[in-house]
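Student: This structure is in structure tokens; I'll ask about it shortly.
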Amino acid sequence: MEVDMESMASAIGVSVPVFRFLLCFLATIPVSFLWRFVPGRLAKHAYSACSGALLSYLSFGFSSNLHFLVPMLLGYLSMAAYRSKCGIITFFLGFGYLIGCHVYYMSGDAWKEGGIDATGALMVLTLKVISCAINYDDGLLKEEDLRESQKKNRLIKLPSLIEYFGYCLCCGSHFAGPVYEMKDYLEWTEGKGIWGHSDKGPKPSTFGATLRAILQAAVCMALYLYLVPQYPLSQFTDPVYHEWGFWKRLSYQYMAGFTARWKYYFIWSISEASLIISGLGFSGWTDTSPPKPRWDRAKNVDILGVEFAKSAVELPLVWNIQVSTWLRHYVYDRLVQKGKKPGFFQLLATQTVSAVWHGLYPGYIIFFVQSALMIAGSRVIYRWQQAIPPKMALMKNILVFLNFAYTLLVLNYSCVGFMVLSLRETIASYGSVHYIGTILPIALILLGYVIKPGKPARSKGRKEQ
């Protein structure tokens, strides 16, 4: 069996551990489908927990479940013992344990070299444990003091252990996300909320949306396997790369980033399929006639939205969508003092938490600091664009294009650090294009303080970007 697995793994150019993970990851689709036939609420929770633990064991080994147990128990104990502070306790204990595992396993190096370990799943699990504790903490607060997301997700009652374990490990959804809320999981399991009876019709069929996600995953994997031999990361340290001209080096950075993204598109498409087929990915009905089902809870990426983003501000809304939502609800919004507007500090702090969540590699830290600068620079262009009067449509369109080009350039420049990870390689690759993706956002931010356009007239219903 091992020999067969080795030959199959080599056929698609991955290691045996990665191939084993891919098999278990693909298995989350039928496992999630079978959940629908499990009778009874408690049996569903038990199936969710046991199937997730079994897939973890088959993919990463027995030690993975021991690692998962640590933040899960720490979070549950903090909720049971010290409710008023359980959110902040779980946040720091969860992140502390995750960072320790990142450092011990040097997971970034393993992923970069084509290896695999349980820390990727632990990352998703950590966010789920923290959000559960914070929402239980929010259950103590007065409703009038809460934001809409807090009102929607807060927990009044402590979940039972079987509910909690089912939520954390649900059918292997901790492998690659998406992250979802405990309250949604409970309502889905109990057939309440949007999963209950609806005037808009019977429960929607999951098969069409699941098939679309699987086909999308197949296309993404095919593109990735085609592109990756042509744009290897090793090229950045090759002396030949540094002999190329500026534009060729810059275009190679774009293609390297473009190639790497298809791997994530594939992974998120599979996780989307598994969440949709279970029914948990359902997020309500459209307002059209006839109404159509929405599957937003399962969606983690909008591929066209990423590749053709008109502004860097749009990227968190289309890339790793559920983690971006988690960061907004549990970091960004909670750093904004009541009655005050968010600023660059909240943005930078949120990006720093995201960097630490990925691991303590210089490339991650630099990438997320770059992201904060990129978004801040894009906001400056957007403000200029909004100040242009309607009669100067050409000038407005030019600024729209400039924001698109700026986002494209800075994103693919910045993501090299995310891919190569080491400080030396990150600085070398940035330096090879004269740090253009760092200088440009800083220059725009500074220009934003000098060139301050007047506020345009806007309708009341319009939201500020």
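The values are calculated or read from the model by the stated rules, or taken from the named source; none is laboratory data. Quick caveat, the model's predicted, so the values are computed rather than measured. Quick reminder, even Gly has a Cβ in these numbers, built from the backbone with ideal geometry, and neighbours come from all protein chains shown. These area figures cover heavy atoms from the full protein model, side chains too; ligands, DNA and RNA do not enter into them. Shrake-Rupley method; radii C 1.70, N 1.55, O 1.52, S 1.80 Å.
Student: Can you run phi through the Karplus equation (6.51, -1.76, 1.60; θ = phi - 60°) for the range 34-48 and list ³J(HN,Hα) in whole Hz, with x for Gly and Pro?
Tutor: Coupling constants for the range 34-48: 5, 3, 5, 9, 7, x, x, 5, 5, 5, 5, 4, 5, 5, 4 Hz.
Student: Give the relative contact order (percent, whole number) for the chain; include only Cα pairs under 8 Å separated by 6+ residues. Write down the numbers at each step before the final one.
Tutor: Numbers: 599 pairs, mean separation 70.0, N = 465.
Rounded, it is 15 percent for the chain.
Student: Roughly what % of Cα-Cα distances in the chain sit above 38 Å, to the whole percent?
Tutor: Summing the P(r) tail past 38 Å for the chain gives 27 percent.
Student: Give the distance, in whole Å, between the Cα centre of the range 30-54 and the Cα centre of the range 434-453.
Tutor: That distance is 52 Å.
Student: Relative contact order (percent) for the range 204-330, with alpha-carbon contacts under 8 angstrom and 6 or more residues of separation?
Tutor: For the range 204-330, the relative contact order is 24 percent.
Student: While we're on this one: Tell me the carbon and sulfur percent of the accessible area for the chain, rounded to whole percent, probe radius 1.4 Å. Spell out each step's value before the answer.
Tutor: Values: 15120 of 22350 Å².
So the carbon and sulfur contribution to the accessible surface is 68 percent.
Student: Which whole number of Å³ per residue matches the convex hull of the alpha-carbon atoms in the range 293-436?
Tutor: Each residue corresponds to 148 Å³ of Cα convex hull volume.
Student: Whose amide H sits under 5 Å from the amide H of Val301, counting only residues 5 or more places off or on another chain, with H placed in the peptide plane?
Tutor: Amide H neighbours of Val301: Ile321.
Student: Right, here's the next one. With a sphere of radius 15 Å drawn around the Cβ of Phe165, what net charge do the other residues whose Cβ falls strictly inside it have (Lys, Arg +1; Asp, Glu -1)?
Tutor: Within the 15 Å Cβ shell, the charges total +2.
Student: I've got another one for you. Calculate one ³J(HN,Hα) per residue across the range 391-399 by plugging θ = phi - 60° into the Karplus curve 6.51 cos²θ - 1.76 cosθ + 1.60, and present them in order as whole Hz with x for glycine and proline.
Tutor: So the J values, rounded to whole Hz, are 6, 9, 4, 4, 4, 5, 5, 5, 5.
Student: Something else now. Name the shape class, rounded, prolate or oblate, that the alpha-carbon gyration tensor gives for the range 267-375, where a ≥ b ≥ c are the square roots of its eigenvalues, rounded holds for a/c under 1.5, and otherwise prolate holds if a/b is larger than b/c and oblate otherwise.
Tutor: prolate
Student: Right, here's the next one. Between Thr286 and Leu423, with labels modelled 7 Å along Cα→Cβ, what's the label distance in nm to one decimal, could you check?
Tutor: 5.1 nm
Student: How many Å³ per residue does the convex hull of the Cα positions in the range 354-417 occupy?
Tutor: Considering the Cα atoms of the range 354-417, their hull volume per residue is 61 Å³.
Student: Take the eigenvalues of the Cα gyration tensor for the range 135-266, scale each by 5, and report the square roots as semi-axes in whole Å, largest first.
Tutor: On the way: eigenvalues 395, 92, 41 Å².
Listed largest to smallest, the semi-axes of the range 135-266 are 44, 21, 14 Å.
Student: Here is a further query. Under a plain spin-label model, where a point goes 7 Å from the Cα along Cα-to-Cβ, how far apart in nm are Ser198 and Ser84?
Tutor: Each label point lies 7 Å from its Cα, and together they span 4.1 nm.
Student: Can you tally the lysine pairs in the range 251-387 where the Cα-Cα distance is under 28 Å and the two residues are eight or more apart, or on different chains? Show your work: numbers first, answer last.
Tutor: Working: Lys263/Lys299; Lys263/Lys310; Lys292/Lys310; Lys299/Lys310; Lys310/Lys340; Lys310/Lys341.
Lysine pairs meeting both conditions in the range 251-387 amount to 6.
Student: Let me have the relative contact order for the range 60-195, percent, based on Cα pairs under 8 Å that are six or more residues apart.
Tutor: Averaging sequence separation for qualifying contacts and normalising by length gives 26 percent for the range 60-195.
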